[in-house]
Amino acid sequence: MITRKDFEAISHWVQPDSSVLDLGCGDGSLLVNLQQTRNITGYGIENDDAGILQCVNNGVNVIQSNLESGLKEIGDGAFDYVILSQTLQAMKRTEAVVDEMLRVGREAIVTFPNFGYWRHRWQIMTGHMPVSDNLPYQWYDTPNVHMCTVADFDAFCERKKLRVLSRLVMNHDREQPVLPNLLGTLALYRFTK
Amino acid sequence: MIAIPQSAHFAEPLPLASGASLRAYDLAYETYGALNAAKSNAILICHALNASHHVAGVYENEPDNLGWWDNMVGPGKPVDTDKFFVIGVNNLGSCFGSTGPLSINPDSGTPYGADFPLVTVEDWVDSHLRLVERLGIDKLAAVMGGSLGGMQAMCWSYRYPARLANALVIAAAPNLSAQNIAFNEVARQAIMSDPAFHGGAFASHHVKPRDGLTVARMIGHITYISDDQMESKFGRGLREGKNFSFAPEFQIESYLRYQGEKFSEYYDANTYLRVTKALDYYDPALDHGGDLAKALAPATARFLVISFTTDWRFSPARSREIVKALLHNKKNVTYAEVDAPHGHDAFLLDDPRYLGVVRAFLSRVAA
């Protein structure tokens, strides 16, 4: 799901030689990318057996763990960046996960599919749950339980008094500066307490 | 693969944690694969409670005597002996060839028996280091073990950080819980209360505390298997129906008795007491005010920590304590929590996820 353009954007935000924790890191390719482009040190957290094996094959440090149960093994402020890429919407305890990210990390980087994308809105207008490139699931088999729009996430940050340091909304591989909540498919945020 | 048991004699005294020292000692070991010219491809395998240096392969004259980790170690296996030079070593105090209670005490000319000193995990590691040096190896590519063997691998990592590049700590714990120690104590009491034990001097009475050893092993076996696994393997199955007697009627009873009796034939009671005590004593955080992270701070190895979800003897939570301490120190660590049904014994069994992670981890280890 995650495209190289996402990697580029995240890599642009991450300072060289910093420490990174990638939550739901999958096969570890983002960490590999950041190691190569930014010389970071880091760990992935992944719950899936196949992901663990791929991470080991990719030479990435990975901890098998369920994000929902928190990051108990990780101390306060242990990382410069904590990344949650395309996983926020699948969390049951979304707010607690964000709190945990900012407990263990100086900054959080979150990416999620924008539910406000016009095609999603149109599908709802025509009476159906949205299905798209970024939301490829049917309502009955989706892991996504907490969808939000760019506007929703802005409001969430405001309510929690989180400082948004960078925001990038993309339409597929291109940046979408105009009407991001209507025309953007993927949102990327970098924020701190 | 044909394994050849070897023995190394060490004439230099070994100081022990207890303050005692062993004047001289032998270590039984086996090696598999070839040591490369740079002597950089060696992996040391540490064994758990009742195992030995016979890690893989069979003996030429004992084609059924398969090494205890033969599914893990061998040509093309996760610990690939085509790439690595693998060393299996028997712990001091054991009854399988290394100096232990059955060996002759040079001071008396008779077997040590109860006079064999208590040895610790640290003592084992110190003695194994001498074997590694004897083999001309400066730095091991990895030290690896499950359960008590995992504790030894962990001990290597901070005691001799320059001596290993990788540590594989499997189904282990940073120390025993009170419950673990309780099980060990019940096992020891079973042995020591056997009238044939004679305070450990049973050899001079020409008997063995077999009943005590049997019960000790039965208790151990219960803790190595998960409740679910015991249920699915034995359930409430009866061998022949109810006879209203205390003969072994339930399948689980006959299984435990069989395992216990088999064990009592080949295992030494004084060894069992010492090995369980070494387990009880192991606690690297103790010298650091209970802070495991401080204990592990000197480590430089890359770690692979593996636990099994149904292991209630050394539960995943215990492995996570090790992971937490390593993360605190920003060590290179990967942690896999394998959802295997078998309980503690899973570390000896064939789970493709478990074996796959070990294989992948070692495939990236430079030989």
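For the reader, a short list of remarks on this structure follows.
- Qualifying residue in region A:124-133 (condition: small (G, A, S), within 13 Å of chain B (Cβ to nearest Cβ), part of a loop (DSSP other than H, G, I, E, B) and over 13 Å from the mean Cα position of the chain (by Cα)): no
- Qualifying residues in region A:64-85 (those that are open to solvent by less than 30 Å² (accessible area, probe 1.4 Å) and polar (S, T, N, Q)) - the one nearest to the other protein chains (Cβ to nearest Cβ): A:Q64
- Count - residues of region B:351-367 that are within 19 Å of B:L140 (Cβ to Cβ) and either in contact with an Asp or Glu (Cβ under 6 Å, 6 or more places away or on another chain) or not β-branched (V, I, T) (or both): 7
- Residue match in region B:32-44 (condition: hydroxyl-bearing (S, T, Y), modelled with pLDDT of 95 or more and not in a loop (DSSP other than H, G, I, E, B)): yes
- Residue among A:T185, A:T192 that alone is surrounded by fewer than 17 Cβ atoms within 10 Å (Cβ to Cβ), touching a residue at least 60 places away in the same chain (Cβ under 8 Å) and either over 26 Å from A:E46 (Cβ atoms) or of a type in the set (V, I, T) (or both): A:T192
- Selected residue (only one of A:N61, A:N57 is over 18 Å from the mean Cα position of the chain (by Cα) and either open to solvent by less than 40 Å² (accessible area, probe 1.4 Å) or of a type in the set (A, V, I, L, M, F, W, C) (or both)): A:N61
- Restricting B:A37, B:A17 to residues that are open to solvent by 40 Å² or more (accessible area, probe 1.4 Å), within 25 Å of B:A301 (Cα to Cα) and touching a helix residue (DSSP H, G or I) at 6+ places or on another chain (Cβ under 6 Å) narrows the list to B:A17.
- Failed item, numbered, when B:I191 is tested on (1) open to solvent by less than 20 Å² (accessible area, probe 1.4 Å); (2) free of Cβ contacts under 8 Å to residues at least 12 places away in the same chain: (2)
- Qualifying residue in region A:35-46 (condition: within 12 Å of another protein chain (Cβ to nearest Cβ), of a type in the set (A, V, I, L, M) and open to solvent by 30 Å² or more (accessible area, probe 1.4 Å)): no
- Residue match in region A:115-131 (condition: in contact with a Leu (Cβ under 8 Å, 6 or more places away or on another chain), open to solvent by less than 80 Å² (accessible area, probe 1.4 Å) and polar (S, T, N, Q)): no
- Top-ranked residue in region B:63-72 [being farther than 12 Å from B:G145 by Cβ and touching a strand residue (DSSP E or B) at 6+ places or on another chain (Cβ under 9 Å); ranked as surrounded by the fewest Cβ atoms within 10 Å (Cβ to Cβ)]: B:D64
- Condition check for A:C148: out of contact with any Pro (no Cβ under 8 Å at 6 or more places or on another chain), under 25 Å from A:G70 (Cα atoms) and part of a helix (DSSP H, G or I): no
- Checked against the criterion of being within 9 Å of chain B (Cβ to nearest Cβ), without any contact (Cβ under 8 Å) to a residue 24 or more places away in the chain and over 19 Å from A:T94 (Cβ atoms), the candidates A:V56, A:V60 yield just one match: A:V56.
- Test for B:T300: is it under 22 Å from B:G145 (Cα atoms) and over 22 Å from the mean Cα position of the chain (by Cα): yes
- When region A:132-156 is filtered for residues that are of a type in the set (F, W, Y) and open to solvent by 60 Å² or more (accessible area, probe 1.4 Å), the ones remaining, listed by number, are A:Y137, A:W139, A:Y140.
- Pairs linking a residue in region A:5-20 that is under 21 Å from A:Q86 (Cβ atoms) to a residue that is assigned to a loop (DSSP other than H, G, I, E, B) and not charged (D, E, K, R), with Cβ atoms under 7 Å and 6 or more positions apart or on different chains, are A:V14/A:I40; A:V20/A:V14; A:V20/A:I40.
- Residue match in region B:242-260 (condition: open to solvent by less than 10 Å² (accessible area, probe 1.4 Å) and either in a helix (DSSP H, G or I) or away from every other protein chain (no Cβ under 14 Å) (or both)): yes
- Among the candidates B:R320, B:R313, residue that is within 26 Å of B:R359 (Cβ to Cβ), touching a residue at least 60 places away in the same chain (Cβ under 8 Å) and out of contact with any Leu (no Cβ under 9 Å at 6 or more places or on another chain): B:R313
- Any hit, region B:146-164, residues being outside any helix (DSSP H, G or I) and farther than 24 Å from B:D70 by Cα: yes
- Scanning region A:157-170 for residues that are touching a residue at least 24 places away in the same chain (Cβ under 8 Å) and either assigned to a helix (DSSP H, G or I) or surrounded by 13 or more Cβ atoms within 10 Å (Cβ to Cβ) (or both) yields A:C157, A:K160, A:L162, A:V164, A:L165, A:S166, A:L168, A:V169, A:M170.
Results for (1) open to solvent by 30 Å² or more (accessible area, probe 1.4 Å); (2) within 10 Å of chain B (Cβ to nearest Cβ); (3) not aliphatic (A, V, I, L, M), shown as yes or no for each residue.
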| site | (1), (2), (3) |
| --- | --- |
| A:S11 | no, no, yes |
| A:D17 | yes, no, yes |
| A:L31 | no, no, no |
| A:A50 | yes, yes, no |
| A:K92 | yes, no, yes |
| A:D99 | yes, no, yes |
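- Subset of region B:195-221 [in contact (Cβ under 8 Å) with a residue 40 or more places away in the chain and either open to solvent by less than 30 Å² (accessible area, probe 1.4 Å) or in contact with a strand residue (DSSP E or B) (Cβ under 9 Å, 6 or more places away or on another chain) (or both)]: B:F197, B:G200, B:F202, B:A203, B:S204, B:P209, B:G212, B:L213, B:T214, B:A216, B:R217, B:G220
The values are calculated or read from the model by the stated rules, or taken from the named source; none is laboratory data. Computed from a prediction, not measured in an experiment: that's the story for all the values here. Neighbour counts run over all protein chains shown; Cβ positions are idealised from the backbone, glycine included. Surface areas here come from the heavy atoms of the whole protein model, side chains and all, with no ligands, DNA or RNA. Shrake-Rupley method; radii C 1.70, N 1.55, O 1.52, S 1.80 Å.
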